[in-house]
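Worksheet for the structure shown next.
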Protein chains: 4
Amino acid sequence: MSKKVLRLEGIYPPIPTPFDAEGKVATNALTENVRVWNQHKLRGYVVLGSNGELIMLDDRERLQVLETARAAIPSDKLMIAGTGCQSTVATVNLTRDAAKIGADAVLVLNPSYYKGRMTPEVLLRHFHTVADASPIPVILYNMPACTGIDLSAETVALIAEHENIIGIKDSGGNVVKIGDMRRLADRDFQVLAGSASFLLPALSMGAVGGVLALANIAPAQCLSIREHFLKGELDQARDLQVQMIPVNNAVTRGWGVPALKAAMDMLDTYGGPPRLPLLPLSKERAHELKAILRKAEVLTETASKENKEGW
Amino acid sequence: MSKKVLRLEGIYPPIPTPFDAEGKVATNALTENVRVWNQHKLRGYVVLGSNGELIMLDDRERLQVLETARAAIPSDKLMIAGTGCQSTVATVNLTRDAAKIGADAVLVLNPSYYKGRMTPEVLLRHFHTVADASPIPVILYNMPACTGIDLSAETVALIAEHENIIGIKDSGGNVVKIGDMRRLADRDFQVLAGSASFLLPALSMGAVGGVLALANIAPAQCLSIREHFLKGELDQARDLQVQMIPVNNAVTRGWGVPALKAAMDMLDTYGGPPRLPLLPLSKERAHELKAILRKAEVLTETASKENKEGW
Amino acid sequence: MSKKVLRLEGIYPPIPTPFDAEGKVATNALTENVRVWNQHKLRGYVVLGSNGELIMLDDRERLQVLETARAAIPSDKLMIAGTGCQSTVATVNLTRDAAKIGADAVLVLNPSYYKGRMTPEVLLRHFHTVADASPIPVILYNMPACTGIDLSAETVALIAEHENIIGIKDSGGNVVKIGDMRRLADRDFQVLAGSASFLLPALSMGAVGGVLALANIAPAQCLSIREHFLKGELDQARDLQVQMIPVNNAVTRGWGVPALKAAMDMLDTYGGPPRLPLLPLSKERAHELKAILRKAEVLTETASKENKEGW
Amino acid sequence: MSKKVLRLEGIYPPIPTPFDAEGKVATNALTENVRVWNQHKLRGYVVLGSNGELIMLDDRERLQVLETARAAIPSDKLMIAGTGCQSTVATVNLTRDAAKIGADAVLVLNPSYYKGRMTPEVLLRHFHTVADASPIPVILYNMPACTGIDLSAETVALIAEHENIIGIKDSGGNVVKIGDMRRLADRDFQVLAGSASFLLPALSMGAVGGVLALANIAPAQCLSIREHFLKGELDQARDLQVQMIPVNNAVTRGWGVPALKAAMDMLDTYGGPPRLPLLPLSKERAHELKAILRKAEVLTETASKENKEGW
């Protein structure tokens, strides 16, 4: 099997899991959101990533979200399912379930609880066990801000030798590492930028696209940065990239999932409340967020939901 | 309800969850281990802590371990159940289950996945929601080496205002913070050292005892350090404390749960394999570990299992 | 030469270098301050430590401060001179000058600029070169908050094999390491706590005293903590220790040298301005500081300078 | 005065200070090295940066190096002098001396010893005081690996409001920050990449060039990366960029100044020994380094000094 079978080039939003007022998974809202996003030339979706609150969901809810998403995502777009758990066997089980439901690939976050024990050897064994068991291709997921562990280029290259491991979403922001992964791993190994804040520099170092929280609320802009880059229009790419930084900060490391969901509510999608312990964005913060969205032209007269209450 | 109802003074091993060769929970071994530890004047046990591989177990296994432990722990010793999950509702559910099974208190690790969002406000809401819902007293669990978050004394003092939150297990090793928690929180708030490496200095700053991985393999020594301290025999306490540091390092931040289980196998208890992705201690490491145990007189001719194979 | 020749047991203030309104070294104020401190049973003084703004002084000023201090410090108290520079040869030169001026020992901070290069081998060579060249005993100085490097117990034990290296001031606050240094180094190797915030737990692990910024403004309390400890009065020691934490925080990691100097000005000593880039404490902060000093009874009616202006 | 008076676009090696076998500054070697580098289209040189071992030199040696360099650097190339000291007044004095000697600009590393005190206010006052006093333009220098402090984009933008502060050398490697500085500071504010490992992504985010240790040993390759980028030849730029990463790592965060000097000795320049506590590269490391230089084609038959001994 060649790693080129599944080409990842493109932009993916890691979609939030919507909850209703009682805290239950709002499957209708999820379906509706995907319908909105489908209007853009996104390559696909990541379901049950960090923004999908995977770790907040119980076993049943995880399958419910995957099934709902699969039904809503057209077959010409990829569905990538987040399936990384702390234990290897739990990761394998969720991976197999995702494949059965029809995911095109899985995105596997490294285990991280016993940080001192997560040696290259342990990680290699974990990922290769998962990749052996997975009926669909595996994409690594490096997310040091959540896991406290930053996979090195050397470790990634080692793990990437498995033929069923086709790429990585790297949210660490270290662009030198992206270059290093290119140097050390097979040329077919595909790197996706894990945050819109460094999309352009990641592309300049050889990334093939990105899984970007920002693509949930500004898909057109994310797609444009990449298109400008591909056309060699670096000045335009950079201007848009720089313009998006404050928006991206607000909905990622700044205020996180609550802000992303609030921004979605300000636009033409359903955000709703996060699950506890995450608290909804305060009114004050929501006002600041709105100003940031306006300044960056993500929120415009036409894009906003005029009658939305609460913000 | 006064916080003094449940007095925590004393030493607790955070007991590992034994697995058999097929990776299933070995309930008989768990029962047998507790029988061995019951010979010591331990105040009780922490079940499903970090050394109990809580995060590796599925829902059913967690209840199985709690039930097995409860049956084996005599009523004059405390059973403290680890119930901290990433979501508040999951934590509440496991806490209620633990109470039903007969736990005397719960030990609740803070959620940590969305590190940037774990503000004092979020943590306060989370812990108070759990404490409101819990039929039994709640003990906070601060474990920065695993969570990447170190609860500040100020945040702990704030959370500790809830009458059903009676203490903290602090594994961070910052003894100034132990003093600060004494200063800022109510005098009834009880601090337990989270590692044997700083048991004596923690006691000197007002800790009432400890939840110590080392107490699984060297309960007598852990108890002695505290007894010497209580009698004012500081030189003896210090000598024993210093003697235990290398053993403690080996089975905690050095080589972790695999080494703790290996050490148990060298002694009169069942350790067995950890669950993947954790790998069993290599033979080379096991030899080093044995030497460390011998040098510190934790492993002696009488204490070892002579016919044990594999080490 | 035996390491026991110079016994370090006791409490030392690391004295600030006073500057006048023009920013010049205020030698008279230095002399006067030492006269005030001499009334206490301090074991001696550290001159040109971090609080002495060593790195702010030019070569001439360093000698001026050492000479002034030596003249003011009685012969029954130790004068320990800070002489650590980034280059080995500069450290040797300042060490020799300090010896000529009459220092009893030198306190040598490790070089730290090229952090990645400060391997055990490099540090060993550096300290042994200095110790070979020094006519007086050498005390290591570990100060991770300023250097970004935390010397490990293993490295310290290796360096401590030199007969002219008699101890360490450790400001890192890791009391397990204090125990480990006791275990790994020669019994004659003397550990001094580097901050009053962990004086008691450090003593409980075998430290022989402390170099404490707090001793500049609360020498009696620092001495009392140690005396209570030596008499086995742990409760009293702990109460005083805990009471001092907020004061200590304020003048060390909280607001630093500017706050220490401001506190000195509120008491019976001369603090004066720090040297730029350090800015004097703002009026708001000074009010907060005064309240902290009052609450901890460091500042009382009799201790304060009633007619002091500006605070 | 407009910030555009001094245009920084281009590549600069931060040149090492050569020492002879006795440890004295080898002025002839410095002159000769500059003569070699002058054959390339470098925009200029940084003298007395981190690779210039500024912090290892005494006052007299600093002036000696600046004078020697100035004499060797042609007037159409810029000489940028490193003048950052821990005290503001020392920084001002060295800055004025550098201007008198003929430096075109100064590169000022932020003070960092009292890390907790280096607030935006303190840093602003420091840099503005220096910029007020400096007869020549000031370039900020952010070097978290050495200082332990990473200047934020917000703080840099604030400091950059001074008309005599024209740019920054940023060695932190955070390319998002480079974009953010572009967004927050005046468009005339010029960013120079501080390491060759992220030259290309930095350029993609708007950097105008780089101060690159690698440019001491591979000036042609560093210049080519930028030229390819300016021509829109991103694939070629990326290939060369990726090829240079291991070389750059070896002479920077890998083995540092000793490796840079060793590599210079392997090529057509004089490296010589670093100053203690830095130790020369071991023979084993030097062999590894040589292999790395060969593999990346930095060291070729024509480039190497065939009769060089010791490597």
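The values are calculated or read from the model by the stated rules, or taken from the named source; none is laboratory data. Note that this is a predicted model, so its numbers are computed, not measured. For neighbour counting, all protein chains shown are included, and Cβ atoms are generated from backbone atoms with ideal geometry for every residue, glycine included. Heavy atoms of the whole protein, side chains included, go into the accessibility calculation; ligands, DNA and RNA do not. Shrake-Rupley method; radii C 1.70, N 1.55, O 1.52, S 1.80 Å.
Considering segment C:155-178, the residues that are β-branched (Val, Ile, Thr) and over 22 Å from B:ALA196 (Cα atoms) include one that is farthest from the other protein chains (Cβ to nearest Cβ), namely C:ILE166. Just so you know, in segment C:90-124 the residues that are outside any helix (DSSP H, G or I), touching a strand residue (DSSP E or B) at 6+ places or on another chain (Cβ under 6 Å) and away from chain D (no Cβ under 12 Å) include one that is most open to solvent (accessible area, probe 1.4 Å), and it is C:ASP104. Might you let me know whether segment B:125-141 holds any residue that is at pLDDT 95 or above and of a type in the set (Lys, Arg)? Yes, segment B:125-141 contains a residue that is at pLDDT 95 or above and of a type in the set (Lys, Arg).
Checking each residue in segment D:38-67 for being open to solvent by 10 Å² or more (accessible area, probe 1.4 Å) and of a type in the set (D, E, K, R) picks out D:LYS41, D:ARG43, D:ASP58, D:ASP59, D:ARG60, D:GLU61, D:ARG62, D:GLU67.
All told, D:LEU54 meets the bar of being within 22 Å of D:LEU94 (Cβ to Cβ), touching a Cys at 6+ places or on another chain (Cβ under 9 Å) and not polar (S, T, N, Q).
Of all residue pairs spaced 6 or more apart or on separate chains, those with beta-carbon atoms under 6 Å, a first member in segment C:258-285 that is among the polar types (S, T, N, Q) and a second member that is in a helix (DSSP H, G or I) are C:THR269/C:ASN33; C:THR269/C:VAL36.
Out of A:ARG70, A:ARG35, report the one residue that is over 27 Å from B:PRO111 (Cβ atoms) and open to solvent by 50 Å² or more (accessible area, probe 1.4 Å). Show your work before the answer.
Details: A:ARG70 fails: open to solvent by 50 Å² or more (accessible area, probe 1.4 Å).
Among A:ARG70, A:ARG35, only A:ARG35 is over 27 Å from B:PRO111 (Cβ atoms) and open to solvent by 50 Å² or more (accessible area, probe 1.4 Å).
Of D:GLN64, D:GLN39, all but one fail to be touching a residue at least 24 places away in the same chain (Cβ under 8 Å) and either under 20 Å from D:PRO137 (Cβ atoms) or not in a strand (DSSP E or B) (or both); the exception is D:GLN64.
Filtered by the rule that a residue be in contact with a Gly (Cβ under 8 Å, 6 or more places away or on another chain) and more than 7 Å from chain B (Cβ to nearest Cβ), segment C:188-202 gives C:PHE189, C:GLN190, C:VAL191, C:LEU192, C:ALA193, C:GLY194, C:SER195, C:ALA196, C:LEU199, C:ALA202.
Contact map, segment D:225-243: first residue facing chain A (nearest Cβ under 9 Å) and of a type outside the set (Gly, Ala, Ser), second residue open to solvent by less than 20 Å² (accessible area, probe 1.4 Å) and not in a helix (DSSP H, G or I), Cβ cut-off under 9 Å, separation 6 or more or different chains; pairs are D:ARG238/A:MET205; D:ARG238/A:GLY206; D:GLN241/A:MET205; D:VAL242/A:MET205; D:VAL242/A:GLY206; D:GLN243/D:ALA296. The number of residues in segment C:189-203 that are under 21 Å from C:HIS162 (Cβ atoms) and in a helix (DSSP H, G or I) comes to 0. Can you work out which of the residues in segment D:266-296 that are within 12 Å of another protein chain (Cβ to nearest Cβ) and assigned to a helix (DSSP H, G or I) is least open to solvent (accessible area, probe 1.4 Å)? Checked segment D:266-296; the qualifying residue least open to solvent (accessible area, probe 1.4 Å) is D:ARG285.
In segment A:204-251, what count of residues is obtained for those that are of a type outside the set (Lys, Arg), assigned to a helix (DSSP H, G or I) and within 24 Å of A:ASN38 (Cβ to Cβ)?
First pass over segment A:204-251, keeping only residues of a type outside the set (Lys, Arg): A:204-225, A:227-230, A:232-237, A:239-251.
Subsequent filtering for residues that are assigned to a helix (DSSP H, G or I) retains A:204, A:213-216, A:219-225, A:227-230, A:234-237, A:239-251.
Of the ones still in play, those that are also within 24 Å of A:ASN38 (Cβ to Cβ) are A:213-216, A:219-225, A:227-230, A:240, A:244, A:247-248, A:251.
Selection size over segment A:204-251: 20.
Scanning segment C:244-256 for residues that are open to solvent by less than 10 Å² (accessible area, probe 1.4 Å) and more than 14 Å from chain B (Cβ to nearest Cβ) gives C:VAL251, C:GLY256.
Please pick out the residue among B:ILE178, B:ILE136 that is of a type in the set (A, V, I, L, M, F, W, C) and assigned to a loop (DSSP other than H, G, I, E, B).
B:ILE136
Inspection of segment A:74-89 identifies no residue that is on the phi < 0 side of the Ramachandran plot, assigned to a helix (DSSP H, G or I), in contact (Cβ under 8 Å) with a residue 40 or more places away in the chain and not β-branched (Val, Ile, Thr). Can you tell me which residues in segment B:73-89 are surrounded by 21 or more Cβ atoms within 10 Å (Cβ to Cβ) and either basic (Lys, Arg) or more than 9 Å from chain A (Cβ to nearest Cβ) (or both)? Matches in segment B:73-89: B:ILE73, B:MET79, B:ILE80, B:ALA81, B:GLY82, B:THR83, B:GLY84.
When we screen C:ALA220, C:ALA215, C:ALA207, C:ALA185 for residues that are closer than 27 Å to C:ASP104 by Cβ, away from chain B (no Cβ under 11 Å) and crowded, with 24+ Cβ neighbours inside 10 Å, the only hit is C:ALA215. The set of residues from segment A:42-61 being away from chain B (no Cβ under 14 Å) and either free of Cβ contacts under 8 Å to residues at least 40 places away in the same chain or part of a loop (DSSP other than H, G, I, E, B) (or both) comprises A:LEU42, A:ARG43, A:TYR45. Conditions: (1) open to solvent by 20 Å² or more (accessible area, probe 1.4 Å); (2) closer than 29 Å to D:LEU223 by Cα; (3) touching a residue at least 60 places away in the same chain (Cβ under 8 Å); (4) within 14 Å of chain C (Cβ to nearest Cβ). D:PRO14 meets all but one. Number of the miss? The number of the failed condition is (1).
Can you work out which of the residues in segment B:125-154 that are of a type in the set (A, V, I, L, M), in contact with a strand residue (DSSP E or B) (Cβ under 7 Å, 6 or more places away or on another chain) and at the interface with chain A (Cβ under 10 Å from one of its Cβ atoms) is surrounded by the most Cβ atoms within 10 Å (Cβ to Cβ)? Per the criteria, the residue is B:VAL130.
In the set C:PRO74, C:PRO111, only one residue is in contact with a Gly (Cβ under 8 Å, 6 or more places away or on another chain), modelled with pLDDT of 95 or more and not hydrophobic (A, V, I, L, M, F, W, C); that residue is C:PRO111.
With the requirement that a residue be of a type in the set (A, V, I, L, M, F, W, C), closer than 22 Å to A:ALA259 by Cβ and more than 15 Å from the chain's Cα centre (by Cα), what does segment A:5-30 give you? Passing the criteria: A:PHE19, A:ALA21, A:VAL25, A:ALA26, A:ALA29, A:LEU30. Does C:ILE225 satisfy the criteria of being hydrophobic (A, V, I, L, M, F, W, C) and open to solvent by 10 Å² or more (accessible area, probe 1.4 Å)? No: the conditions fail for C:ILE225. With respect to the conditions (1) without any contact (Cβ under 8 Å) to a residue 60 or more places away in the chain; (2) surrounded by fewer than 23 Cβ atoms within 10 Å (Cβ to Cβ); (3) within 14 Å of chain C (Cβ to nearest Cβ), D:GLY23 falls short on a single one, namely (1). Of all residues in segment A:155-174, which are open to solvent by 40 Å² or more (accessible area, probe 1.4 Å) and either without any contact (Cβ under 8 Å) to a residue 24 or more places away in the chain or under 25 Å from A:PRO13 (Cα atoms) (or both)? The one that is open to solvent by 40 Å² or more (accessible area, probe 1.4 Å) and either without any contact (Cβ under 8 Å) to a residue 24 or more places away in the chain or under 25 Å from A:PRO13 (Cα atoms) (or both): A:ASN174.
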